[in-house]
Amino acid sequence: MELDSKVPSGPIQEKWDKRKFELKLVNPANKRRYTVIVVGSGLAGASAAASLGELGYNVKCFCYQDSARRAHSIAAQGGINAAKNYQNDGDSIWRLFYDTVKGGDYRSREANVYRLAQVSNNIIDQCVAQGVPFAREYGGLLANRSFGGAQVSRTFYARGQTGQQLLVGAYHALAKEIGNGTVQMFPRTEMLDLVLIDGQARGIVVRDMVTGRVSSHAAHAVVLATGGYSNVYFFSTNAKGCNTTAIWRAHRRGAAFANPCFTQIHPTCIPRAGEYQSKLTLMSESLRNDGRIWVPKEQGDHRPAAQIPDADRDYYLERLYPSFGNLTPRDIASRRAKEAVDDGRGVGALKNGVYLDFRDSIQRLGKSVIEERYGNLFEMYERITGENPYAVPMRIYPAPHYTMGGLWVDYDLQSTIPGLFVIGEANFSDHGANRLGASALMQGLADGYFVLPYTISDYLARVGPTKTDSTHGAFGAVEREVSERMKTLLAVNGKRTVDTIHRELGQVMWDACGMARSRGALEKGLEVIPEIRERFWKEVRVPGRGEDFNQGLEKAGRLADFLELGELMCRDALHREESSGGHFREEFQTPEGEAKRDDERFAFVSAWEFTGVGSAPTLHAEPLTFENVPLSQRSYK
Amino acid sequence: MNLVLHVWRQASPTVKGGFVRYEAKDISDHASFLEMLDIVNEELTESGEEPIAFEHDCREGICGSCGLVINGVPHGPQHGAATCQLHMRHYKDGDQIWIEPWRAKAFPVVKDLVVDRGALDRIVQVGGYISARTGAVPDANATPIRKEYAELAMDAAACIGCGACVAACPNASAMLFVAAKVSHLGLLPQGQPERRDRVLNLVAQMDIEGFGSCTNHAECEAACPKQISIDFIARLNRDLLVTSLAQTPEHMVAGAG
């Protein structure tokens, strides 16, 4: 396997223009002779499918939800970054680029990040034109706020529902193309495998989740926009349905998986309340703009928050990071919260959280201002916990949230399988070892609206509008494999439910490959995960039939893939003997407890090649060079 | 707490459904309603029975997937919240709970508590958008928008497309859904060029899909997890009236009540 990043030569500011000019175009009259499959309908998938439809390609778009509008991008609350500099506070494309490379702890590809910053401004223009109701100032112009890890106000937002509004915008664009007949939409349809012909991605095998029917769809190129894999931990902020199946199946078919251990643990989630809990809920990190994070100075201080005087409180982020304070990047804020709780200074009935306190901002700004900024988040918190955050501080704790890792892609967003493109959270490209707040929405829409529609044309023009249909033998063979696998799952008829096994895997992943990692814990994880996987295939019970609406069967298939992915994540984390961003190896830290990178040995992208279940994957390294943002230790002091 | 559930079970769209009694035991106050159903489903699965099919995804009240009629009320007793945001502290030991799917001609049952809401997507596909081709747009600040209108558009845009408004309406009308869409886009300067066609096409499609007409019961507003106001229905009716007086063939204006 050869990793050619295809990054254009020349100054970084000119690379994207240069590449766009080099890319082959498809003749307008020929576009309708090409079929492109887009899997996923979140920000990346919907924007790509809509844009490709507008260009005139035949597009088939698939999602597992009952409507394209429900993809998990919808749950993003805080905002979307762009280098507009509308606030006149010194922002620029260069600064957004610089912040993103540095925030990613120097493990992303400079050229991709620069392009992301460049097109960020187009995204805001596009969204406003679609009717996204961003927050505005009294003069009618767009409002901005600052967001975790940035010293400029470059985040655009729509109350606490930015993801929803951007997704509705992309969904509208998609609906327009569905209405026009250029996009054919397949809701409640799950991709279960990728089909290759002569080494090229030529289609997918799917299951109709209502009838259970397995079928094939052929195309000239396949685009995966299927999101992240945080649900490997069972407890995460992801929707219950989010899964790794599409990218994992593609990985098994030859797509390299890059930096699988780079996961982001989000600092502001509601702590777990009990055993029965099914997921963790995120509170937007925008709350950190006005909330102060603290724990009691002393262990065992059980007084209610209001009775603890300032002198007995430890505002630990403000103490450790005076210039960034409560706005330190996510990885740091998360790790420091874990330390406080591990130190026995956690708060709440289960002592498993830290306070996020709005007392001072309510005094300073008034309750109505806080309500205007965060009203819906405060309501959401109260519904879940039964506590009123205007009166008592919120309790928060980190939770798995976003996965920077994903399928390896080149500058054109093409994976190591020709014809297989990967966009949004599903790829690895832009966030390095840590993603900054409000950058996921930016990347999803950048890829879908402004990058993929250009780069895919180059591939399509090269392969030509050859006849492609699902009668080719390769489709039948994959369909049989898919059906066999489901039959096996249904036939085990063991004693354990999918969820109990998933919770077991999640706990192992959290202990081995969660917020803090160590050789010992990772080695143990690598021992235990294959055992759980083996037991899964002997002990799982999936009631019902395959030819039916069967949610248990859907979950079982997804867990089977998580059980393979988990092992790869631990392997990657074990191999990477450094700490960078969200990947914190306890053995590699500075005396102050910060992540200690090893640029000599690990300034590369780990791209893993599948060699079989239970067999050691092969590592390929894409070296990373930093010509524009000099390597330095991140400092948020 | 221990509860008695009466859950609508229906194997497929074509077979007859009915209520089946289940017991939910040792449920914590802090559990969510869907987590309570998870517990029941785990027990059903362990005993080899098919678990209850219900729709859910984000479990944070924003994706709009979930939707159960609980003791006759869409999304249950908590005002302004989706089913997934309902916690068991609203119930007490010994309560009996009836759980049903959305009931509407335009939302056929798929299985148990899951319905097909594709009709709402089809309404959007006939014009519930602003046509803005990728890349062909002006600078975002080129058109200032009065804050008041932007806020009002956002109030309407908060719709999560769950369909509770339809389930709550005695006529199974989708007027609140359509009104929210039409108002969100019609309040913004970018939405003006297509405003008239949008309102006509959406209302016409609503009729085609088999939704009923609005007769001002306001049950939709009460059930809406995003508390979208029926003022938007008034706005829709005004748009519809102005548009139809202006230019429209009669067949396109039916149904808005």
Worksheet item: Modelled label-to-label distance, A:ALA491 and A:GLU275, 7 Å Cα→beta-carbon offset: nm?
Response: 3.5
Practice prompt. Note the angle between two axes, namely the Cα long axis of helix A:110-130 and the longest principal axis of the Cα atoms of chain A, as a number of degrees from 0 to 90, rounded to the nearest 10.
Written response: 90
Worksheet item: All other residues with a Cβ under 15 Å from the Cβ of A:GLY56 taken together, and with Lys, Arg as +1 and Asp, Glu as -1, what is their net charge?
Response: +4
Worksheet item: Taking θ as phi - 60°, what are the ³J(HN,Hα) couplings along region A:26-36 by the Karplus curve (6.51, -1.76, 1.60), each to the nearest whole Hz, with x for Gly and Pro?
Response: 9, 3, x, 6, 8, 4, 5, 8, 10, 10, 10
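Out of all DSSP beta bridges in the protein assembly as shown, what portion is antiparallel? Express it as a percent rounded to 5. Let's see the in-between values first.
Values: 59 of 83 bridges.
Percent antiparallel among DSSP bridges in the protein assembly as shown is about 70.
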Discussion item. Tell me the mean residue ellipticity at 222 nm calculated for chain B from its helices only (DSSP H runs of n ≥ 4, each -39500 (n - 2.57), averaged over every residue, nearest 500).
Written reply: -10000 deg cm²/dmol
Response to the item:
Relative to chain A, whose Cα atoms define the longest principal axis, helix A:162-180 and its Cα axis are tilted in degrees, nearest 10, by 20
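Between A:GLN589 and A:GLN633, what is 0.36 nm times their sequence separation minus the Cα-Cα distance? Round to one decimal in nm. Let's see the in-between values first.
Values: separation 44, 0.36 × 44 = 15.84 nm, distance 1.15 nm.
Fully extending the segment from A:GLN589 to A:GLN633 adds 14.7 nm.
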Fill in: Residue list for region B:20-55, given a label point 7 angstrom along the Cα-to-Cβ vector of B:ASP93 and an amide N cut-off under 16 Å
B:24-30
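Sorted by average packing, counted as other Cβ atoms within 10 angstrom per residue and highest first, what order do A:493-506, B:91-104 take?
Details: A:493-506: 18.6, B:91-104: 16.9.
The most tightly packed comes first, giving A:493-506, B:91-104.
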Worksheet item: Which listed residue (B:ILE160, A:VAL605, A:TYR106) has the Cα farthest towards the positive end of the charge dipole for the protein assembly as shown, taking +1 on Lys and Arg C-beta and -1 on Asp and Glu C-beta about the Cα centre?
Response: B:ILE160
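About the Cα centre of chain A, how large is the charge dipole given +1 on each Lys and Arg Cβ and -1 on each Asp and Glu Cβ? Please answer in debye to the nearest 20.
The calculated dipole for chain A is roughly 1120 debye.
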Worksheet item: A:LEU141 label point, 7 Å along Cα→Cβ, cut-off 18 Å on backbone N: hits in region B:135-154?
Response: B:138-148, B:150
Fill in: Virtual spin-label span in nm between A:ARG213 and A:ALA349, 7 Å along Cα→Cβ
4.9
Item to complete: Just name one of A:PRO11, B:TRP102, A:VAL478: the one whose Cα is farthest towards the positive end of the charge dipole of the protein assembly as shown (beta-carbon charges, Lys/Arg +1, Asp/Glu -1).
Response: A:PRO11
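Only loop residues by DSSP count here, and only those with at most 13 other Cβ atoms within 10 Å; note down the chymotrypsin sites (Phe, Trp or Tyr not before Pro) in region B:13-44 that meet that.
On the way: sites: B:PHE19, B:TYR22, B:PHE33; in loops: none.
Answer by residue number: there is no such site.
To the nearest 0.05, how large is the calculated FRET efficiency for B:ASP197 and A:GLU484 if R₀ is 45 Å and r is the Cβ-Cβ distance? Present the calculation step by step, with values, prior to reporting the outcome.
Numbers: r = 50 Å, r/R0 = 1.12.
Given R0 = 45 Å and the Cβ-Cβ separation, E is 0.35.
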Worksheet item: Under a straight-distance cross-link criterion of Cα-Cα below 15 Å, which aspartates and glutamates are reachable from A:LYS467, leaving out those fewer than 8 residues away in the same chain?
Response: A:ASP198
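Tell me what chain A gives for mean residue ellipticity at 222 nm when only DSSP H runs of n ≥ 4 count, each as -39,500 (n - 2.57), the sum divided by the residue total, rounded to 500 deg cm²/dmol.
On the way: 17 runs with 226 residues, N = 637.
So the helix-based figure for chain A works out to -11500 deg cm²/dmol.
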Fill in: Acute angle (nearest 10 degrees) that the helix B:147-157 long axis makes with the longest principal axis of chain B, alpha-carbon atoms
40
Discussion item. Suppose a student asked you for the relative contact order of chain A, using Cα pairs under 8 Å spaced at least 6 residues apart; what percent would you report?
Written reply: 21
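Take every Cα pair under 8 Å in chain B that's 6+ residues apart, average their separations, divide by the length, and report that relative contact order as a whole percent. Intermediate values should be presented prior to the final figure.
On the way: 462 pairs, mean separation 48.4, N = 257.
It rounds to 19 percent for chain B.
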Worksheet entry | About the Cα centre, charge dipole magnitude for region A:69-180 (Lys/Arg +1, Asp/Glu -1 at Cβ), debye | 240
Worksheet item: Local charge sum around A:ILE417 (other residues, Cβ-Cβ under 14 Å, Lys/Arg +1, Asp/Glu -1)?
Response: -3
Fill in: Volume per residue of the C-alpha convex hull in the protein assembly as shown, rounded to whole Å³
155
Fill in: At most 15 other Cβ within 10 Å, DSSP loop - GluC sites (Glu not before Pro), region A:590-637
A:GLU592, A:GLU627
Practice prompt. Only bridges with both residues in chain B count here: give the DSSP antiparallel percent, nearest 5.
Written response: 75
Worksheet, complete the sentence: Once the dipole of the protein assembly as shown is set up from charges on Cβ (+1 Lys and Arg, -1 Asp and Glu), the residue from the list B:ALA172, A:TRP408, B:TYR91 lying farthest towards its positive end is B:ALA172
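Could you please report the charge total around A:GLU554, scoring K, R as +1 and D, E as -1 over all other residues with beta-carbon less than 9 angstrom from its beta-carbon? Walk me through the numbers before you get to the answer.
Numbers: positive: A:ARG207, A:LYS555, A:ARG558; negative: A:GLU190.
Local net charge: +2.
Listed here are the pairs A:LYS18/A:LYS84; A:LYS176/B:LYS181; A:LYS240/A:LYS538; B:LYS16/B:LYS105; which of them are more than 18 Å apart at the Cα? Don't skip to the end; give the middle numbers.
Numbers: A:LYS18/A:LYS84 23 Å; A:LYS176/B:LYS181 14 Å; A:LYS240/A:LYS538 24 Å; B:LYS16/B:LYS105 15 Å.
A:LYS18/A:LYS84; A:LYS240/A:LYS538, as the Cα separations exceed 18 Å there.
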Fill in: Cut-off under 5 Å, modelled amide H: who pairs with A:GLY131 long-range
none
Worksheet, complete the sentence: B:ASP29 and A:TYR98 label points (each 7 Å along its Cα→Cβ direction) are spaced in nm at 5.3
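Read-outs throughout are calculated quantities, based only on the coordinates presented, and are distinct from any laboratory measurement. The structure presented is a predicted model; accordingly, all values stated were derived computationally and were not measured. Cβ coordinates were reconstructed from backbone atoms using ideal geometry, including for glycine residues, and neighbour counts include every protein chain displayed.
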